[in-house]
1. Can you tell me the length gained on complete extension of the stretch A:LYS404 to A:GLN297, counting 0.36 nm per residue apart and subtracting the Cα distance?
2. Taking a label point 7 Å from the Cα of A:LYS485 along the Cα→Cβ vector, which residues of region A:413-436 have an amide N closer than 19 Å to it?
3. For chain A, what's the relative contact order in percent, using C-alpha pairs closer than 8 Å and at least 6 residues apart?
4. Per residue, what volume in Å³ does the convex hull of the Cα atoms of region A:390-520 enclose?
5. For B:VAL179, what accessible surface area do you get with a 1.4 Å probe? Give it in Å², rounded to 10.
6. Which ³J(HN,Hα) values in Hz, rounded to whole numbers, follow from the phi angles of region A:10-26 under the Karplus curve 6.51 cos²θ - 1.76 cosθ + 1.60, where θ = phi - 60° and Gly and Pro get x?
7. Please get the size of the charge dipole for the protein assembly as shown, origin at its Cα centre, with Cβ charges of +1 on Lys and Arg and -1 on Asp and Glu, quoted in debye to the nearest 20.
8. Report the paramagnetic label zone for A:LYS260: residues of region A:410-427 whose backbone N is under 14 Å from a point 7 Å from Cα along the Cα-to-Cβ axis.
Amino acid sequence: MRYCETGFQLEVDLSKGSIDKVETDPRDTALYLGGHGYNAKILYDRVPPETDPWSPDNLLIFGNGLLNGTCVPGANRVSVNTIAPVNGFFGHSLMGGFFGAEMKQAGYDRIIIKGEAPDLVYLAIHNDKVEIRDATHLRGKGMLDTQRMIQEELGDKRAWVAAIGPAGEHRCITASIDCGNSSAARTPGPVMGAKKLKAIAIRGTKDVNLAHPKEMWEMCSRLRKELDANPNIGDWMATDEDDSFHHNNFAWGNARVRRKTFWSEGLEERWRNLKYDHMNRWTGCWNCPKACHNLIQWPNRRRFSYKCYGKDTYHMASFQELDFTYEILPVAMDLGFDSYSTPQTIAFGLELLDAGILTEADFPGMPADIRGRFYYLLQKMAFREGIGDVLANGVSGAAAIIGKGAEKFDHNTVKKFEQLPIKLGKLNPAYFLMIATGEDMAITQIEGSFPQDPIADPELREEFIKKWIAVPDKKFHDWFRQWVKRDELPDQAMVEITDWNECMHYLDDSLGFCGFVSSFRGQFGGTTGYHVWNMPDIITHGTGMEFDKDRLWECFQRNRTLIRALNNRRGLRRSMERPPEDHWAVRNEAYEQQLLTKYYDFKGWTFDAIPTKETLERLSLGWVAEDLIKRGVLTGDEPTALNDPRAKNEKE
Amino acid sequence: MENNGKKTRIVKNIKVDTKKCVGCKACEIACSAFHATPRYSSINTGRSRIMVVADEMLDIFVPIRAGDHTEAECNGRNSYIIDGKEYSECTFCPASCPSRDAFKDPDSGLPLKCDMCESDPPVEKPMCVDACTFGALTYEEREVEVTEPVTTVTDMDEGLKTLIKRYGLKKVMDTVVRVSKE
């Protein structure tokens, strides 16, 4: 019997119309855990680097975290992975809610979609009964209608439906996949559209087994109460109406303008009333004691729920107020758009119009007011009409098509991926490393364990350290003690802080934990719910596999290195690892390069940012080393970065 | 139980505050774990004796406990409009019945019924209540005077009755005899 996992994956080829339930090898679980780690292994094995992300040979994988569907509180995230059309690299997105748990109860650890259907279809799964069904009647339908119509067709209101809207159908780069109150934003949506897969409906009524039932239940019951009582986890934006941080510090419009004095008490009171006058309740995800979603009913709109920074993006991109976000968000979400990158893409298009690179003729019939313009462009993008057909390629893609200097307005992307609109003064070394090298492409998916700022008061600092049990090693306590200025710590500290931050996200994404109870929340208050000291016992009691911190850490290193190698095979190199050039006003190229070299060296990678043969072999990835050597990506003789002759300056 | 010469018994009540429910299914998870064999050995909300009837787009979140089984569908339905929200006819109904798949064991199809987690040793409160950190479910006990003999309907009673109705008494008895010899 398999524990925590089902031991099966569902493999669907939409070109052939084939459906296979395939038993998996438990040794792979021991190596990659689940979620994005396991998905990366499948993508490496089955999608050669020559594969065009839009082609039927690309895979779209919905992979359960290993602990999803169990009694572990806050473990519910599905990693949705593919080769991303936006940049050709590993595409990674996370979806909370209930889809993963339902998938596991249906008897599957993951669903692998290959091929391309002849016309629009949806997949209906009820335990072992799996059908590919016609979805042509759902063409152009929004997310809500799609979910409801499929539930009605199946006669099952308890089925969870993960669907794309018109944006996904039309392969918009910023399309998302939505299921209930959760969505997998960016990268997977357009691939689902390319496969002509409108939705996956799933219902499961099978047991998910636990290896050490009594110990597991006792541990999870205790954790549930601890997480509930812990004020430092969950999404503070769900309940704290002081949102001065984002509004005063993040850049508005096309990531251009900081409004440092925007927030005021009067504004906060007005927005608080706006929210609670229209809010029905908070909603939560599978088995989580935090409820982070705000369910809103706005006049003349369908109900919708949002969480986190999704509350701000539309009104900040358009220089409006919260009422505009509440008005446009349900429309944008129903069209199937991600709320981070889509408003940035619209602001980018309008900036090109202001700059004269695009002209009024490119926007026929567009209203004069900014709110009307946002609606106009949403519709144009969702159905790829006129200029919308260009902007649907995302900021970098659109800039490349438009030319005429549009590339200079693409100033807030990394590896063609839209970033949070943050523009600051002085370089922050750890953040430089995270933004430049992060495989997850968004800082919120990389940062989170080490605090963002030092604590000046020695007493308060010691108080913080006393409660800070999440640190994997006491050296982080020492570095925190000596930390005074944000940008001043030894390079080794900056490298290892980056490594630990990454580690926690990698563990979350392979185990199924939500970052809000784990990796993302350690930086605020230091008492996050999950860390390398309590995760091993949960895995041991849940799965029966003996785990400790070192074995867990090695799983992180393996998954991190595997995804890096996958991207190396697709062309990722050192020269691409750069934050947006204007992310910090003051830059230091030599120092940044020195940081990169030290980071690569610490990781066991070459000067060119590729894992060495020895590193791969140490992590049981010798098969990857053989492949990289065969393909000429590695010779096999490269030293780690600091031992490369080109690293002479760094060593000095 | 006697109180001032009157026969009494304890009524166990789970109070449901639908406004506090966030739809997380912790109640369903706890119920299925507690009733698994061995206890806590599996999670399967399909086996839960509590179910959150949820429709986010209508802002409806109603946890209901499994009650008695009925062989026939209702001969009429009620829907409710409360505070402007329309609840469908089955929203508040605890029965396992032919019109829906709720509260039936997914393997055997036999009806499931909430037993308030009665066990030996007893638990402080039903597991669904213990798991609900949002306060949507609260537990209370009150003493009431007994006016008529109390019978306890167990899961096994319910299951046997259903089997007898479906297959006939003789076939069920024959099967019990045969299986017990195996």
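The values are calculated or read from the model by the stated rules, or taken from the named source; none is laboratory data. On a predicted model such as this, the values are computed, not experimentally measured, just so you know. Cβ coordinates were reconstructed from backbone atoms using ideal geometry, including for glycine residues, and neighbour counts include every protein chain displayed. Calculation scope for accessible area: heavy atoms of the full protein, side chains included, ligands and nucleic acids excluded. Shrake-Rupley method; radii C 1.70, N 1.55, O 1.52, S 1.80 Å.
1. Extra length available between A:LYS404 and A:GLN297 comes to 34.2 nm.
2. A:424-433
3. Working: 1366 pairs, mean separation 96.8, N = 652.
Result for chain A is 15 percent.
4. Details: hull volume 16.7 nm³, N = 131.
Looking at region A:390-520, the number lands at 127 Å³ per residue.
5. So the heavy atoms of B:VAL179 present about 70 Å² to solvent.
6. Ordered by residue, 3J(HN,Hα) equals 9, 10, 10, 10, 6, 5, 7, x, 9, 10, 10, 9, 10, 6, 9, 8, x Hz.
7. On the way: 107 positive and 123 negative charges, 173 e Å.
Charge dipole, the protein assembly as shown, about its Cα centre: 840 debye, nearest 20.
8. Residues A:423-426 qualify, since their backbone N sits under 14 Å from the label point.
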